[in-house]
Ligand code: NDP
């Protein structure tokens with residue numbers, strides 16, 4: 001039986017990173033993947049989503065160009081071209097991942113892996129011994145439970161949908177629901193988004209939630225709050241969604257973006273003694289060890305933060321613990337994130353509500369303005385920027401933005417927050433003019 005120092009199950013962001021880094025440190029490493037390399041992020045998540053978000057922005061960019069003097073025939077959108085070009089790019093990335101693994105000396109095994117016992121992994125009928133096992137199997141869309149939910153699609157299927165949905169119903173109010181509502185609205189679908197609660201994007205700053213919901217509605221998304229689907233069925237003119245209030249919506253496709261759950265079932269984990277929590281996520285300690293210490297887990301399957309850069313950071317901690325100095329840690333505070341709605345959200349640190357609970361007295365700075373570009377573009381899009389500051393220490397606790405390139409802007413400010421920057425440091429920083437980002441260093445008066 002072949003023997004490895006590390007056997008990685010799952011070739012997504014966390015798994016590939018851990019395998020490569022461990023092999024580069026001299027470990028004998030194998031990685032098993034049953035699908036395409038790159039996992040959710042590369043194949044049906046971050047990357048294709050962002051490409052489609054770029055595509056969706058062109059529609060309004062053409063409109064906006066008139067105010068700058070451009071004219072010409074109204075352009076049309078070809079869904080087949082976008083799908084084809086995306087597929088080619090994703091295949092290229094799959095190849096890059098394969099080369100990276102091969103270059104590092106990782107043995108790649110194709111097939112579904114499961115634990116035959118705590119030190120033996122079985123893949124495609126072959127049994128291999130492992131000193132350490134890393135489970136990085138990610139997550140999968142969790143469907144809602146109303147009658148007819150089987151007719152709804154998950155985000156996995158949206159990228160290759162055929163035909164292009166002229167009328168799309170999106171269920172949910174999280175990252176995926178809001179991003180896909182924005183994207184398909186931008187590409188030309190008539191989008192209705194239903195969220196069961198009072199405001200989308202639970203967990204984000206309340207001002208950001210309200211502002212982005214209003215901006216999405218201005219762009220044409222029919223966002224309905226406190227709304228639920230009761231049943232879904234096929235009708236003569238399309239899919240018919242009966243809502244809890246009795247009204248009926250007829251659409252061409254339904255996307256259920258109602259959360260993603262860990263992929264931990266059927267891997268032989270529990271039989272090997274690995275504990276899962278009530279959501280089916282693998283329970284790990286601070287060094288990503290499961291209840292069986294030589295079996296570790298990172299990424300979406302541990303259900304902490306379902307974000308690619310977090311999985312990468314967790315993988316680095318595991319490799320350092322097993323094959324390096326053992327000193328590397330991960331800090332879950334001040335993790336920046338973006339939501340690729342139109343316009344984008346970028347955020348790092350505490351929301352106003354979280355900060356008030358932890359710190360008491362705050363100073364809040366807010367700027368809500370029409371970006372320079374839209375003085376000529378004719379667009380009614382506005383930008384919101386907000387700083388949450390601890391009054392006692394002057395430390396900036398939260399940086400929040402809705403506006404073009406919010407993720408690009410907030411990434412830099414995340415460094416400042418990590419460094420413990422105070423509002424005085426923000427004030428002493430010279431702005432870059434004319435940008436939207438300069439607002440973050442020129443907000444002088446707190447709001448009442
Ligand atoms: P989220 O957990 O973010 O959102 C799920 C949404 O579905 C919530 O609004 C939730 O409502 C709602 N919901 C859950 N169950 C039901 C139900 N039975 N009926 C109706 N509504 C329901 O999950 P997503 O699927 O949007 O995304 C999964 C994760 O992937 C995200 O949390 C994020 O970590 C990651 N991701 C990150 C992206 C990025 O970085 N840009 C992009 C996409 C995904 P409620 O709030 O009431 O619970």
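Any chance you could run the full-extension gain for residue 70 through residue 248? It's 0.36 nm times the residue separation minus the Cα-Cα distance, nm to one decimal.
Once the chain is fully extended between residue 70 and residue 248, it gains 59.9 nm.
Rounded to the nearest 10 degrees, what's the angle between the helix 206-218 long axis and the longest principal axis of the chain, both from Cα atoms, 0 to 90?
70 degrees
Quick check: residue separation of residue 87 and residue 328 times 0.36 nm, minus the Cα distance between them. What number comes out in nm?
Fully extending the segment from residue 87 to residue 328 adds 83.1 nm.
Using square roots of five times the C-alpha gyration tensor eigenvalues, list the equivalent-ellipsoid semi-axes of the chain in whole Å, biggest first.
The three semi-axes for the chain are 38, 30, 21 Å.
Tell me, what is the percent relative contact order of the chain, built from C-alpha pairs under 8 Å that lie six or more residues apart?
15 percent
Pick from 208, 335, 88: which residue has the top mean-square fluctuation in a GNM of the chain where Cα pairs under 10 Å get a spring?
Residue with maximal mean-square fluctuation among 208, 335, 88: 88.
Normalised by the number of residues in region 1-123, what is the relative contact order in percent for Cα pairs under 8 Å and 6+ residues apart?
Across region 1-123, relative contact order equals 34 percent.
Relative contact order of region 230-282, please, whole-number percent, based on alpha carbon pairs below 8 angstrom and at least 6 residues apart.
22 percent
How many nm separate the modelled label positions at residue 354 and residue 99, each set 7 Å beyond the Cα in the direction of the Cβ?
Between residue 354 and residue 99, the label points sit 3.9 nm apart.
Just rank 294, 132, fewest to most, by other beta-carbon atoms within 10 angstrom.
Lowest to highest Cβ neighbour count: 294, 132.
Take the eigenvalues of the Cα gyration tensor for region 76-230, scale each by 5, and report the square roots as semi-axes in whole Å, largest first.
38, 21, 16
Helix 175-187 against the longest principal axis of the chain: what's the angle in degrees, Cα atoms only, rounded to the nearest 10?
50 degrees
Apply the Kirkwood formula to region 289-448: the hydrodynamic radius equals the inverse of the mean of 1/r over all pairs of different alpha-carbon atoms; give it in Å with one decimal.
After inverting the pairwise mean of 1/r, the radius is 17.6 Å.
Can you give the calculated 222 nm mean residue ellipticity of the chain, where each DSSP H run of n ≥ 4 adds -39,500 (n - 2.57) and the sum is split over every residue, rounded to the nearest 500 deg cm²/dmol?
-9500 deg cm²/dmol
Against the longest principal axis of the chain, how steep is helix 406-418, in degrees 0 to 90 to the nearest 10, with axes from Cα atoms?
Between the helix axis and the principal axis of the chain, the angle is about 70 degrees.
So, in nm, how far is label residue 214 from label residue 160 when the simple model puts each one 7 Å beyond its Cα toward the Cβ?
Placing both labels 7 Å along Cα→Cβ, they lie 4.2 nm apart.
What number, in nm² with one decimal, is the all-direction average of the projected area of the convex hull of the alpha-carbon atoms of region 185-311?
11.2 nm²
What distance in nm separates the simple spin-label points at residue 58 and residue 196, each placed 7 Å from Cα in the Cβ direction?
3.8 nm
Among 400, 275, 374, what is the fewest-to-most ranking by other Cβ atoms within 10 Å?
The most exposed by this proxy come first: 275, 374, 400.
Quick one: among 90, 345, 330, which has the greatest mean-square fluctuation in a GNM of the chain with alpha-carbon springs under 10 angstrom?
Comparing 90, 345, 330 in a Gaussian network model of the chain, the most mobile one is 330.
List 13, 154 from most exposed to least, where exposure is judged by having the fewest other Cβ atoms within 10 Å.
If I rank by nearby Cβ atoms, fewest first, I get 154, 13.
Pick from 424, 404, 87: which residue has the top mean-square fluctuation in a GNM of the chain where Cα pairs under 10 Å get a spring?
424
Bear in mind these aren't lab numbers, they're just calculated from the coordinates by the rules spelled out. All figures in this text were calculated on a predicted structure; none of them were measured in a lab. Please note: Cβ atoms are built from the backbone with ideal geometry, for glycine as well, and neighbour counts cover all protein chains shown.
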